[in-house]
Amino acid sequence: MKPAKFEYHKPETLDEALTLLAEYGDEARVIAGGQSLVPMMNIRLARPDHLIDINGIDDLSQIRLENGSVAIGALVRHREIEHSAQLAQACPPLPAAACNIGHYALRARGTIGGSLALADPAAEFPLMATLLDAEFVARSGAGERSVPSHEFFVSVFTTALEPEEILTAVRFRTLAQSEGWGFRWFSRRVGDYALVNAAAIVALKDEGRIHRIAMVLGGVGATPVRLTGLEQESVGAEASAGWVREISSAAAARVEPGGDKHASAEYRRELVELLLAGALEDAIDRCRGRQAA
């Protein structure tokens, strides 16, 4: 099929794009990589009267380190994140997530801003935004505001962005030297969205007990699920193999995944237990490796 008729706009500046968005409102859609929007337009699930192409706005294509955080412009491509030496050093979970997204063509064209604004709860970057306490920078004609990750993701394919706002950048915290990380996922075919994915960050005290921890699951709810309660319960625990099994089993018991044609709820629970255990093991191993170094 072909998309319905629309008027195409290619602004050269962010202010010009915001003016167009304010003018056309709900009749307009912003396009960056187009990896999600274009297929939806082709089957006419999306029928915008105006398409605002922001690919020419260079200010949205930068990666910058800023006082303990890394700011990534909304137009930065998945492949740029995958191969960024800066991110490999300062925030390695992001390149690890990027290299797992779809296939080469999608990574070469798709953008981090597009992925986050789509808000698929099984996608890699929403998971990482939740894990890394991201701050989302949104602009409209009225000015700029910052939205924390726990407020940004509202539901499936729904974010806190207002109709006249454009996501311009995302700030992720960098990993401390004492922290280790892990990321595990399962999909039936290479390039598919994960049925379940899991990510963790761990910092240990010298005696091998949990000092800080973050754990997030994707594909088991309407948004990425941060395991805040289990994080609090884990502080002070010995980072042993037995603890990993216990906390992963508790996570599987507490989440409420839905079942569909791809996987039953029970199967997703089994994946939660397996994948979170693997992510925690990787995080602990990396943490201990950093301590030894």
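The values are calculated or read from the model by the stated rules, or taken from the named source; none is laboratory data. Quick caveat: nothing in here was measured; it's all calculated off a predicted structure. Quick reminder, even Gly has a Cβ in these numbers, built from the backbone with ideal geometry, and neighbours come from all protein chains shown.
See the values below:
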{"quantity": "Some residue of segment 158-175 being closer than 27 Å to Arg269 by Cα and either of a type outside the set (Asp, Glu) or not assigned by TED's automatic domain parsing to the domain that holds Ala263 (or both)", "calculated": "yes"}
{"quantity": "Count - residues of segment 101-110 that are in a helix (DSSP H, G or I), in contact with a helix residue (DSSP H, G or I) (Cβ under 6 Å, 6 or more places away or on another chain) and within 30 Å of Leu280 (Cβ to Cβ)", "calculated": "1"}
{"quantity": "Any hit, segment 11-24, residues being free of Cβ contacts under 8 Å to residues at least 24 places away in the same chain and either assigned by TED's automatic domain parsing to the domain that holds Ile112 or among the small types (Gly, Ala, Ser) (or both)", "calculated": "no"}
{"quantity": "Tally of residues being touching a Pro at 6+ places or on another chain (Cβ under 7 Å), closer than 19 Å to Glu164 by Cα and either touching a residue at least 24 places away in the same chain (Cβ under 8 Å) or among the β-branched types (Val, Ile, Thr) (or both) across segment 25-50", "calculated": "3"}
{"quantity": "All positions within segment 111-151 that are outside any strand (DSSP E or B), without any contact (Cβ under 8 Å) to a residue 24 or more places away in the chain and either of a type in the set (A, V, I, L, M, F, W, C) or touching a Phe, Trp or Tyr at 6+ places or on another chain (Cβ under 6 Å) (or both)", "calculated": "Ala142"}
{"quantity": "Output for segment 52-76, where each listed residue is of a type in the set (Asp, Glu) and touching a residue at least 24 places away in the same chain (Cβ under 8 Å)", "calculated": "Asp53, Asp59, Glu66"}
